[in-house]
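Undergrad: Once you've had a glance at the structure underneath, I'll fire off some questions.
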Amino acid sequence: MPNRPARIAVIGAGPAGFYATGHLLDAEAAIEVDLFDRLPTPWGLVRAGVAPDHPKIKAVSKVFEKIAAKPGFRMFGNIEIGRDISHTQLLEHYDAIIYAYGAQTDRRMDIPGEDLVGSIPATAFVAWYNGHPDFYNLDPDLQVDRAVVIGNGNVAVDVARMLVLAPEELAPTDTGDHAIEQFAKSTINDVVIAGRRGPLQAAYTNPELLELGELQIADVIIDPAEAALDALSQADFAEASQPDQRNVETVLAYAQRSRTTKPRTVTMRYLLSPLEIRGDGRVEEIVMVRNRLERTDDGSIRSVATDQTETIPCGLVLRSVGYRGLPVEGVSFDEKRCVIPHAEGRALDAAGQPVPGVYCTGWIKRGPSGVIGTNKKDAFETAGALLEDLAAGRLHDPLSPTIKAIDALVSDHRPEAIEYGHWQSIDAHERALGDPHGRPRIKLCSWDELLAKR
Ligand code: NAP
């Protein structure tokens, strides 16, 4: 153990980064944590990912505020590790680094037309309506008749729901004002959610599916023929998990509903994969292929294309087929799974050996899965491994582990960096703006606005 507090850098101020920080600062050992984020705002997907009409989920930020108030905590925002400060430079100053920067980009579908105007990754659309400054200017055209959402996860359900909310449902939320304006002008009257497998294999969770049935101005539509399980799913149903069974039951119940007078529809489709997005310069239609299901050797169910295709006219395609992690130079990366290879959170080198002082947690450790709470257990495992290594003297041995040297590193390489107090002034400002309107906050959404509060 060094004869001074151990200095840990945590990269990424989202749920995984905060939970890991909290666990370290609660430990008996003397530890100081510097939490880095590339944005001037913390909380990761709690701010920039969770749907604005889910304020209860966002309430977890109170836990993060308590962690930030612990002695030994500092935050540096507006610094990108790998761009402003390298992994090697961090290693010169910290006893250990925990990478917790998530999965910032989208998975590709690799089909023709994927990059036409009007074909947008759901990850970008979500970031846009949530006021992420990198996506402030995304400017999606919502003055079209139909949107098609590809994918059957919770993000697909979130973006579909956001597209059909009534203005009164959006008004009390912290959706970016630029997005509220665009949603108000939207002419979308049908949102198709297309899953490549069946209702039993869908990745969304039941509370999210149930919400689709309670929308103020949109009906959920499912063709009974498509809701009916195929033979393989029928065989699997009895052994399926209760949540998966509930999903099927909900889909079957929706299929019995009749259309009401609500002006919008969310149409749920199954066993359809995208083949091609077509249009003259921008999205006009999407060609889908009908799938059948097949059991693989490992017992899982996969979709296999048939020769039946169908073309759906649409002006917007949201590709919601998952987030994807990116590497940081100098840190091993599993190119296939897009995660940092690890053992219990200890980053591994190319030979599969733990790299002293390098750890990972959250989506960059396990891939983009689970809910916010999943990161707590995940971060505790990583922080626990780090604490064990600290006690055993197995951490990395930095050259200049002083606060002075770290402050110089930051000011030399990123003079525009901001500290936690800056975020607190953004936070107070946003809340004060929102308060008279009964909104949790009105977000500052552009880099200029955010950095002007510096
Ligand atoms: P996800 O749950 O992994 O869903 C991805 C979906 O994309 C799956 O339906 C998958 O189908 C489909 N897909 C993948 N590749 C495809 C392709 N080439 N063509 C067609 N479909 C394809 O991912 P997500 O929706 O991005 O969510 C990420 C995580 O955040 C999840 O754990 C989710 O639960 C969580 N989240 C939670 C909430 C909430 O709690 N309210 C909200 C948002 C997100 P297959 O299953 O066939 O692979």
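The values are calculated or read from the model by the stated rules, or taken from the named source; none is laboratory data. What you are looking at is a predicted structure, and each value in this text was computed from that prediction instead of being measured. Every residue, glycine as well, gets a Cβ built from its backbone with ideal geometry; the counts of neighbours run over all protein chains shown.
Undergrad: So which strands (runs of 3 or more DSSP E) stay within region 191-283 end to end and still have 3 or more residues that are over 27 Å from PRO313 (Cβ atoms) and touching a residue at least 12 places away in the same chain (Cβ under 8 Å)?
TA: Numbers: elements: 218-221, 264-269, 272-278.
In region 191-283, no matching strands (runs of 3 or more DSSP E) lie anywhere.
Undergrad: While we're here: Could you list, ordered by first residue, the pairs with Cβ atoms under 9 Å in which the first is in region 97-112 and in contact (Cβ under 8 Å) with a residue 40 or more places away in the chain and the second is acidic (Asp, Glu) and outside any loop (DSSP other than H, G, I, E, B), at least 6 apart or interchain?
TA: ILE111/GLU276; PRO112/GLU276
Undergrad: Go through region 185-209 and give me each residue that's within 14 Å of THR267 (Cα to Cα), of a type in the set (A, V, I, L, M, F, W, C) and touching a Ser or Thr at 6+ places or on another chain (Cβ under 9 Å).
TA: Here is the first cut: in region 185-209, the residues within 14 Å of THR267 (Cα to Cα) are 188-195, 199, 209.
With the extra rule that they be of a type in the set (A, V, I, L, M, F, W, C), the set shrinks to 188, 191-194, 209.
Answer for region 185-209, where residues must be within 14 Å of THR267 (Cα to Cα), of a type in the set (A, V, I, L, M, F, W, C) and touching a Ser or Thr at 6+ places or on another chain (Cβ under 9 Å): VAL191, VAL192, ILE193, ALA194, LEU209.
Undergrad: Right, here's the next one. Test HIS54 against the stated conditions and say whether it is modelled with pLDDT of 95 or more, under 22 Å from LYS443 (Cα atoms) and surrounded by fewer than 23 Cβ atoms within 10 Å (Cβ to Cβ).
TA: On the way: modelled with pLDDT of 95 or more: yes; under 22 Å from LYS443 (Cα atoms): yes; surrounded by fewer than 23 Cβ atoms within 10 Å (Cβ to Cβ): yes.
The answer is yes for HIS54.
Undergrad: While we're on this one: Please work out which residue is surrounded by the fewest Cβ atoms within 10 Å (Cβ to Cβ), limiting yourself to region 13-24 and to residues that are under 17 Å from ASP389 (Cβ atoms) and aliphatic (A, V, I, L, M).
TA: LEU24
Undergrad: How many residues, within region 286-310, are within 12 Å of VAL192 (Cβ to Cβ) and surrounded by fewer than 21 Cβ atoms within 10 Å (Cβ to Cβ)? Spell out the reasoning first.
TA: The first filter runs over region 286-310 and keeps only residues within 12 Å of VAL192 (Cβ to Cβ), leaving 286, 288, 310.
From the residues that got through so far, the ones that are surrounded by fewer than 21 Cβ atoms within 10 Å (Cβ to Cβ) too are 310.
Counting residues in region 286-310 that are within 12 Å of VAL192 (Cβ to Cβ) and surrounded by fewer than 21 Cβ atoms within 10 Å (Cβ to Cβ) gives 1.
Undergrad: On to the next question. Test ILE98 against the criterion of being more than 10 Å from the ligand (Cβ to nearest atom), in the same structural domain as PHE380 (by TED's automatic domain parsing) and under 21 Å from the mean Cα position of the chain (by Cα), and give yes or no.
TA: Working: more than 10 Å from the ligand (Cβ to nearest atom): yes; in the same structural domain as PHE380 (by TED's automatic domain parsing): yes; under 21 Å from the mean Cα position of the chain (by Cα): yes.
So ILE98 passes the test.
Undergrad: Right, something else. Any residue at all in region 413-421 that is buried (at least 19 other Cβ atoms within 10 Å of the Cβ), in the same structural domain as ALA48 (by TED's automatic domain parsing) and under 22 Å from PRO172 (Cα atoms)?
TA: So far as region 413-421 goes, no, none of its residues is buried (at least 19 other Cβ atoms within 10 Å of the Cβ), in the same structural domain as ALA48 (by TED's automatic domain parsing) and under 22 Å from PRO172 (Cα atoms).
Undergrad: Right, something else. Give me a count of the residues in region 136-160 that are crowded, with 20+ Cβ neighbours inside 10 Å and within 16 Å of the ligand (Cβ to nearest atom).
TA: Number satisfying all stated conditions: 13.
Undergrad: Can VAL331 be described as in contact with a strand residue (DSSP E or B) (Cβ under 7 Å, 6 or more places away or on another chain) and closer than 15 Å to ALA20 by Cα? Give the derivation first.
TA: On the way: in contact with a strand residue (DSSP E or B) (Cβ under 7 Å, 6 or more places away or on another chain): yes; closer than 15 Å to ALA20 by Cα: no.
So VAL331 does not fit the description; no.
Undergrad: With a cut-off of at least 1 residues that are in the same structural domain as ALA100 (by TED's automatic domain parsing), within 28 Å of GLY438 (Cβ to Cβ) and within 15 Å of the chain's Cα centre (by Cα), name the helices (runs of 4 or more DSSP H) lying wholly within region 41-80.
TA: Details: elements: 45-48, 55-58, 61-68.
Those helices (runs of 4 or more DSSP H) span 45-48, 55-58.
Undergrad: Given the condition among the polar types (S, T, N, Q), within 14 Å of the ligand (Cβ to nearest atom), over 27 Å from the mean Cα position of the chain (by Cα) and assigned to a strand (DSSP E or B), answer yes or no: does some residue in region 297-308 qualify?
TA: Filtering region 297-308 for residues among the polar types (S, T, N, Q) gives 300, 303, 306, 308.
Still in the running and within 14 Å of the ligand (Cβ to nearest atom): 300, 303.
Subset that is over 27 Å from the mean Cα position of the chain (by Cα): none.
The answer is no, given that none of the residues of region 297-308 is among the polar types (S, T, N, Q), within 14 Å of the ligand (Cβ to nearest atom), over 27 Å from the mean Cα position of the chain (by Cα) and assigned to a strand (DSSP E or B).
Undergrad: Here's a follow-up. Return a yes/no flag: does region 23-31 have any residue that is of a type in the set (Val, Ile, Thr), assigned to a loop (DSSP other than H, G, I, E, B) and either under 15 Å from the mean Cα position of the chain (by Cα) or assigned by TED's automatic domain parsing to the domain that holds GLY362 (or both).
TA: So the first thing to find is which residues in region 23-31 are of a type in the set (Val, Ile, Thr), and the list is 31.
Then drop every residue that is not assigned to a loop (DSSP other than H, G, I, E, B), which leaves none.
Within region 23-31, none of the residues are of a type in the set (Val, Ile, Thr), assigned to a loop (DSSP other than H, G, I, E, B) and either under 15 Å from the mean Cα position of the chain (by Cα) or assigned by TED's automatic domain parsing to the domain that holds GLY362 (or both).
Undergrad: Can you go through LEU409, LEU433 and tell me which one is farther than 30 Å from ALA30 by Cα and surrounded by 12 or more Cβ atoms within 10 Å (Cβ to Cβ)?
TA: On the way: LEU409 fails: farther than 30 Å from ALA30 by Cα.
Answer to the selection: LEU433.
Undergrad: Return only the number of the condition from (1) crowded, with 17+ Cβ neighbours inside 10 Å; (2) within 10 Å of the ligand (Cβ to nearest atom); (3) not β-branched (Val, Ile, Thr) that ARG108 does not satisfy.
TA: Failed condition: (1).
Undergrad: Now a separate question. Output the residue which, of all residues in region 173-190 that are in a loop (DSSP other than H, G, I, E, B) and of a type in the set (Gly, Ala, Ser), is nearest to the ligand (Cβ to nearest atom).
TA: Within region 173-190, the subset in a loop (DSSP other than H, G, I, E, B) is 173-176, 186-189.
From the residues that got through so far, the ones that are of a type in the set (Gly, Ala, Ser) too are 176, 186.
Details: GLY176: 18, SER186: 21 Å.
Checked region 173-190; the qualifying residue nearest to the ligand (Cβ to nearest atom) is GLY176.
Undergrad: Here's a follow-up. Output the qualifying pairs, or none if there are none: Cβ atoms under 8 angstrom, residues six or more apart or on different chains, first residue in region 73-90 and farther than 11 Å from LEU409 by Cβ, second residue in a loop (DSSP other than H, G, I, E, B) and hydroxyl-bearing (Ser, Thr, Tyr).
TA: As it stands, the answer is GLY77/THR41; ILE81/TYR101, since those pairs meet every condition given.
Undergrad: Inspect region 193-210 for any residue being modelled with pLDDT of 95 or more and more than 12 Å from the ligand (Cβ to nearest atom) and give the result as yes or no. Walk me through it before giving the result.
TA: Filtering region 193-210 down to residues modelled with pLDDT of 95 or more leaves 193-210.
Now restrict to residues that are more than 12 Å from the ligand (Cβ to nearest atom): none.
No: region 193-210 contains no residue that is modelled with pLDDT of 95 or more and more than 12 Å from the ligand (Cβ to nearest atom).
Undergrad: Sticking with this structure for a sec: Give the number of residues within region 316-372 that are within 16 Å of the ligand (Cβ to nearest atom), over 17 Å from the mean Cα position of the chain (by Cα) and surrounded by fewer than 22 Cβ atoms within 10 Å (Cβ to Cβ).
TA: Of the residues in that region, 1 qualify.
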